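Comments concern the structure below.
What follows is calculated from the coordinates using simple rules that are stated; it is not laboratory data. A quick note: this is a predicted structure, and the numbers were derived from the prediction, not measured. As a convention, Cβ positions derive from the backbone with ideal geometry for all residues, glycine included, and neighbour counts pool all protein chains shown.
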Amino acid sequence: MSDLELRDRLVSAITLLNIPGVGIVRYHRLTKAFGDPASVLSSSIGQLETVPGISRAISGAIKKQQDTDKARELAGRIVQLGWSVLFPSDPDYPKTLLSIRDHPPILFRIGEPMKDDEKLVAIVGTRRCTEKGRLFTFDLARSLAQAEVTVVSGMAEGIDSAAHAGALEASGKTVAVWGCSLEIVYPPSNKSLAESIKNNGAVYSEYLPGTTPDRTTFPERNRIISGMVEAVVVVEAGQKSGALITAQRALDHGRELFAVPGSPHSRSSQGTNNLIKAGAKLTTRIDDIFDELPRLKGEVLVKKFRALPDMTETERNIVSFFSEGTQQLDQLANSAGMPVSELMEFLLALELKGVVKELSGKRFMLSEEFA
């Protein structure tokens, strides 16, 4: 794609995203209905209103509040900065992210693209970590990197920084997802770490140039971290830690959730201990992760269904998706191409037949005897 073509594509996408009331979910609905942002912007109010969730007020805003001058300025700045620009239809867009409902309409990257078969695990936790927590994180990340697992985190102080540093120590790959635009390093004290990550992995952000970090960008960033990986490990987190947002989004996305236990007297362990009480897998060593996800250490397990009961064609089709492992409800509905309400009826029937079972966080898996 030439710089001119990229600029034109960015202008349409940025214009649509910046219209008040549109947001990410409505953006996806509109572009799915009309094909691309440019077609959305040129559609009539009547046509726009046919899309679910698009009211007359939002349709009117789309027609009357198109700030293309600002979009052109931002698009030109992005091209000038030389960032890799990823749209959901692009081959370099992280495939795992596409399974989450609010995946970024535009993703920016500095560094290496991801491979389709890349193994990714997030390690997150509090900025105000203990020395024991920092050392555990460093060692865990180093061990994961030695097993050719890419370590993902948010490059915040504390646990996040230790996770990136541990992976780099093993000459492994690590990925950082930022809560600000890519020309701003935050925290500034991590400037050297940021350069190392860019040279030995990648940095991603969904934010346009000039976006500084604030109390809203970090929770938004966390959904990308959890959506990008197969599993999330929370090392230390207080009761109000942002890492708990990542943990909740991991469950929402159908990802495996691990938590490291700590002293009940430690504030930095209150959140992780509560996660374990709620069903997160207790983790004290790398094998706890590998036992749950053998693919991460190179063991590819092929599901072999044996002695399955009689099933309808639709039920067999649903069961086939479990060859990839545990499935989150919304993700499974999207794969099966049916409404959640209809899918739930089939899942209930499969539960009664003993074929699948429900887990926490609206997740489902094959019963052990059929896995």
Net +/- balance of residues flanking D102 in space, Cβ distance below 13 Å, scoring K and R +1, D and E -1 | +2
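Under the 0.36 nm per residue contour assumption, what length would be gained going from the current alpha-carbon distance of R128 and R101 to full extension?
Numbers: separation 27, 0.36 × 27 = 9.72 nm, distance 3.15 nm.
The R128-R101 span can extend by a further 6.6 nm.
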Pseudo-spin-label distance K297 to E73, built 7 Å along Cα→Cβ, given in nm, is 5.5
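Report the extension gain between N274 and S320 in nm, rounded to one decimal, defined as 0.36 nm multiplied by the number of residues separating them, less their alpha carbon distance.
My answer for the length gained is 13.1 nm.
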Is the shape of the stretch 125-208 rounded, prolate or oblate, going by the alpha carbon gyration tensor and its root eigenvalues a ≥ b ≥ c, with a/c under 1.5 for rounded and a/b larger than b/c for prolate?
-> oblate
Sorted by mean Cβ packing within 10 Å, highest first, what order do the peptides 328-335, 155-162, 45-52 take?
-> 155-162, 328-335, 45-52
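Sort the stretch 313-370 into rounded, prolate or oblate with this rule: let a ≥ b ≥ c be the square roots of the eigenvalues of the Cα gyration tensor; rounded if a/c is under 1.5, and if a/c is not under 1.5, prolate when a/b is larger than b/c, oblate otherwise.
On the way: a/c = 1.34, a/b = 1.21, b/c = 1.11.
Verdict is rounded for the stretch 313-370.
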Of the beta bridges DSSP finds with both residues in the chain, what % are antiparallel, to the nearest 5?
-> 40
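In what order do F136, F321, F258 fall by count of nearby beta-carbon atoms within 10 Å, going from fewest to most?
Working: F136 24, F321 14, F258 27.
Ordered from fewest to most neighbouring Cβ atoms within 10 Å, F136, F321, F258 come out as F321, F136, F258.
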For S196 and E157, extending 7 Å from Cα along the Cα-Cβ vector and measuring point to point gives, in nm, a value of 1.8
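Is the shape of the chain best called rounded, prolate or oblate, per the rule: a/c under 1.5 gives rounded, else a/b larger than b/c gives prolate, else oblate, with a ≥ b ≥ c the square roots of the Cα gyration tensor eigenvalues?
Working: a/c = 1.86, a/b = 1.13, b/c = 1.65.
Oblate is the answer for the chain, as a/c is 1.5 or above yet b/c matches or exceeds a/b.
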By the mean-Cβ-within-10 Å protection proxy, highest first, 213-225, 56-68 rank as 213-225, 56-68
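Could you compute the FRET efficiency for S89 and V25, with r as their C-beta to C-beta distance and R0 at 25 Å, rounded to 0.05?
0.90
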Whole-Hz Karplus ³J(HN,Hα) for the stretch 145-158, in order, using 6.51 cos²θ - 1.76 cosθ + 1.60 and θ = phi - 60°, x for Gly and Pro?
-> 5, 5, 8, 6, 9, 7, 8, 10, 7, x, 6, 6, 5, x
At 0.36 nm per residue, minus the direct Cα-Cα distance, what do Q66 and L81 gain on full extension? Give it in nm, one decimal, please.
-> 3.0 nm
Calculate one ³J(HN,Hα) per residue across the stretch 97-113 by plugging θ = phi - 60° into the Karplus curve 6.51 cos²θ - 1.76 cosθ + 1.60, and present them in order as whole Hz with x for glycine and proline.
-> 5, 5, 7, 9, 4, 10, 5, x, x, 9, 10, 10, 9, 10, x, 6, x
